[in-house]
Every structure is written in structure tokens, then in C-alpha cells.
1. Given a 1.4 Å probe and every protein chain left where it sits, what share in percent of the accessible area of region 61-115 is carbon and sulfur?
2. Which entry is the computed log10 I(q)/I(0) by the Debye sum over Cα atoms at q = 0.13, 0.15 Å⁻¹ for this structure: (1) -0.61, -0.83; (2) -0.68, -0.92; (3) -0.77, -0.96?
3. With point charges of +1 on the Cβ of Lys and Arg and -1 on the Cβ of Asp and Glu, referenced to the Cα centre of region 1-110, which listed residue (VAL16, GLY68, CYS94) lies farthest in the positive direction of the dipole?
4. Note down the net charge around VAL167, summing +1 for each Lys or Arg and -1 for each Asp or Glu among other residues with Cβ under 15 Å from its Cβ.
5. If you put +1 on each Lys and Arg Cβ and -1 on each Asp and Glu Cβ, how big is the dipole of the chain around its Cα centre, in Debye rounded to 20?
6. Divide by every residue of the chain the summed helix terms, -39500 (n - 2.57) for each DSSP H run of at least 4, and state the resulting mean residue ellipticity at 222 nm, rounded to the nearest 500 deg cm²/dmol.
7. So for the chain, averaging the separation of alpha carbon pairs under 8 Å that are six or more residues apart and normalising by length, what relative contact order in percent results?
8. Using a probe radius of 1.4 Å on heavy atoms only, what accessible surface per residue do you get for the chain? Whole Å² is fine.
Amino acid sequence: MKVVLVDSGGANIGSVRYALERLGVSADMTADANTILAADRVILPGVGAAAPAMARLQQMNLVDLLRGLKQPLLGICLGMQLLFEGSEEGDVECLGLVPGRVRKMPASPGVRVPHMGWNRLRPTRPDPLLAGVGEGAQAYFVHSFAAPVTADCLASCEHGQPFAAMVRRGNVAGAQFHPERSGAVGARLLQNFLQADPA
């Protein structure tokens, strides 16, 4: 199986590669359109802000390519947010592969933003990506913006208010948390993605 990581400029790309290597998969990091199109699985990692990340994808002529992918695509952290129609962060248009808009998480007494640390996943509908991830499993998050809980949400979390922790729409999936920092739960998600049937 050929797996590629889209070179989105995120600082977490190396750790995602290492997490895949622990599963026996060697993933190329690339911005080359032909390499991405030839892959069996595509992962869009990301750390940072939505506007510069989208600008980088535009500069590399990858926006339309990502929008048209037929193989399974997994967005991680900011990469998941980029799957949505837009983001309040920089008021930017994103890939539009998942309906909805990413919004700033509101701070309130006892609720700090950014949301940083472990949080409990609450599955919202069955999906092969959640195989082996039990109710109450914990994952590691670092983010200030979040996607809404919609019909595409596979698992939600609570931080002041509910937000989407995992989404899937057809062949496109996303994890707001960092699988590479989430221990056995993160490893299981990556394994499930590698084994998932193209939808």
C-alpha cells in the first residue's frame, strides 16, 4: 500500500510519519501532484493557522487536486479543519469537502482556550474508522478552533461546548486530535484508516 503525507508545512508531519512507521507503513511526504494521485491513502496533516495553510496548498496547486481525490483522505488536526467549507481563523475558504464552518472555541470560566490535553471521545455513529475505539476512549488535542457536530461527525468531545473530534463524509475523514500523540487510540485510528474500504 502506498501512503503519502501532503507536505502542508505542518510541524507534526515527522511525528505522523513515525506513527505510521510503527504500524509498518513507510509514507512519503510530498507536494507532487502525480505522487499524491498515485497513492492508495492520502493524509493531510497540519499545525498552525488555516489561512497560511490554505495559501500554501494554493501555491502548490493542490487545492483542486485534494477536492477531486477518489482514494481515502484523512485530515489531522488543522488538516481536518481544512476539509470544511471555511474557517473563522483568517476568514478563509477551505477545501469544502465537508459541510460546515470551523469557529473559534469560546473561553469561559474554567474553560481555557486553546483546548490542550486529553479528552474523552463520544462516538456519535458507528463507522469502521472507530473499530476498537471504545466509548470513553481518550485522545490528545491542541487547538483553538473547532468544527461543529453535524451528521458527518463520528465522535464528539466537550470543551465548554460540544465539537467534532472525528468526521467522515464518503472517502474523506478527519481527526481533530493528534493520533500520533494519542497512544493506542491514535494508533488504532490510523490502522483503521489504512484498512478502510474506499467509500
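The values are calculated or read from the model by the stated rules, or taken from the named source; none is laboratory data. In this text the structure is predicted, and so the values were computed from the model without any measurement. We place every Cβ from the backbone using ideal geometry, glycine too, and count neighbours over all the protein chains shown. To get the accessible areas, we keep the full protein, side chains included, count just its heavy atoms, and leave off ligands, DNA and RNA. Shrake-Rupley method; radii C 1.70, N 1.55, O 1.52, S 1.80 Å.
1. 48 percent
2. Only one listed value fits the structure, namely (1).
3. VAL16
4. +3
5. 380 debye
6. -6500 deg cm²/dmol
7. In percent, rounded to a whole number, it is 19.
8. 43 Å²
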